[in-house]
Amino acid sequence: MNKKIQLQDLGNKDYKDTWDYQEELFKEIVDIKVQNRRDETSIATPNYFLYVEHPHVYTLGKSGDISNLLLSEKQLEAKGATFYKINRGGDITYHGPGQIVGYPILDLENFFTDIHKYLRFLEEAIILTLAEYGLKGTRSEGETGVWFDVGTPFARKICAMGVRASRWVTMHGFALNVNADLGYFDNIIPCGIKGKAVTSMHVELNRNVDEQEVKEKILKHFQNLFEAEIF
């Protein structure tokens, strides 16, 4: 079992280019697993953790409803945003500047074979990170991601999640609003959930937040939860 995870910070990168790159890494891991089973070998599978910031983009998951996008093609263009239907779970979400996006591409057979545990660990890494800023993030039953004030009229989501897994290999991941322009969320019904607000760290703390510092804190908690070594 290889518990080493290679960190790659891709900076600001187009969504489709990043998706294609994720698919490459995903295929690399799956191909090794297929070869191991076929040849009865035990070549170690690599694990990756990608950080990226995307230009304005809306993405719709496999089970999503296109009516949750409230913009026409021309309106999207006017806002400088793009739109993609993709192969992760979940409904519609937004990515853009000021948001930390993390894509762990892991062979879960190196860690544990439980997709629900995987999602809970992703949420926990964010919850523990927010706690370092005095923010109390929680889960909302039946809804993936991290929220504030669940069960009250003030419930609001700060981190969206959507993953794909095949042969226990993961892709896609989480999007944490740090200094994001929340106005872009007005153009969708986020995650298809009506009547729930979206927030960000800079709104909750009433100040701009150091995104590099947040990235480091997420990695620390991710590494501890997965008992991994990130390099």
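The values are calculated or read from the model by the stated rules, or taken from the named source; none is laboratory data. In this text, all values refer to a predicted model and were calculated from it rather than measured experimentally. Using ideal geometry, Cβ is built from the backbone for each residue, glycine included, and neighbour counts are taken over all protein chains shown. Only protein heavy atoms, including side chains, enter the accessible area calculation; ligands, DNA and RNA are left aside. Shrake-Rupley method; radii C 1.70, N 1.55, O 1.52, S 1.80 Å.
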field: Whole-number D in µm²/s for the chain (Stokes-Einstein; Kirkwood sum over Cα pairs; 37 °C, 0.692 mPa s)
entry: 181
- prompt: Please report, for the Cα atoms of the stretch 105-195, the Rg to one decimal and the Dmax as a whole number; what are they, in angstrom?
  reply: 14.2, 41
With Cα atoms, 0 to 90° folded angle of helix 211-226 axis to the chain main axis: 40
- prompt: In 5 Å bins starting at 0, how do the alpha-carbon pair distances of the stretch 1-82 split up by percent?
  reply: 3, 12, 15, 16, 15, 13, 10, 8, 5, 3, 1
field: Two-site label geometry, Lys117 and Ile230: point separation in nm, points 7 Å out along Cα→Cβ
entry: 2.0
- prompt: How high is the FRET efficiency from Arg207 to Asp149, r the C-beta distance, R0 30 Å, rounded to 0.05?
  reply: 0.90
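Just how large is the dipole of the stretch 111-231 about the Cα centre, in debye to the nearest 20, putting +1 at every Lys and Arg Cβ and -1 at every Asp and Glu Cβ?
Result for the stretch 111-231 is approximately 340 debye, rounded to the nearest 20.
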query: Which whole-Hz couplings ³J(HN,Hα) result when phi for each residue of the stretch 72-86 is put into the Karplus expression 6.51 cos²θ - 1.76 cosθ + 1.60, θ = phi - 60°, listed in order with x for Gly and Pro?
result: 7, 4, 5, 5, 4, 4, 4, 8, x, 10, 10, 9, 9, 8, 9
- prompt: On the accessible surface of the stretch 72-169, probed at 1.4 Å, how many percent belong to carbon and sulfur atoms?
  reply: 51
- prompt: Cross-link list Lys13/Lys33; Lys4/Lys157; Lys74/Lys157; Lys33/Lys215; Lys157/Lys215; Lys16/Lys117: which exceed 22 angstrom alpha carbon to alpha carbon?
  reply: Lys13/Lys33; Lys4/Lys157; Lys74/Lys157; Lys33/Lys215; Lys16/Lys117
field: Förster radius 30 Å - calculated FRET efficiency between Asp186 and Glu132, Cβ distance, rounded to 0.05
entry: 0.55
task: Hey, can you find the accessible area per residue of the chain for me, probe 1.4 Å, expressed in square angstrom?
output: 46
message: Run lengths n ≥ 4 of DSSP H only: what is the helix-derived mean residue ellipticity at 222 nm for the chain, with -39500 (n - 2.57) per run over all residues, to the nearest 500?
response: -9500 deg cm²/dmol
query: At a probe size of 1.4 Å, how large is the accessible area of Asp14, to the nearest 10 Å²?
result: 60
task: Identify the trypsin sites (Lys or Arg not before Pro) of the stretch 115-159 meeting these criteria: DSSP loop state and at most 12 other C-beta atoms within 10 Å of the C-beta.
output: Lys136
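Given 0.36 nm per residue, what is the gain on full extension from Lys79 to Asn36 after removing their alpha carbon distance, in nm?
Length gained between Lys79 and Asn36: 10.7 nm.
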statement: If the chain between Ser140 and Asp14 were fully extended at 0.36 nm per residue, the gain over the current Cα-Cα distance would be 42.3 nm
message: On a 1.4 Å probe surface of the protein chains, which of Ser166, Ser42 comes out largest in accessible area, and what is the full order?
response: Ser42, Ser166
- line: With Cα coordinates, the longest principal axis of the chain makes an angle with the long axis of helix 115-131, in degrees rounded to 10, of 50
query: Put a dot 7 Å past each Cα toward the Cβ at Arg167 and Lys27; how far apart are the dots in nm?
result: 1.2
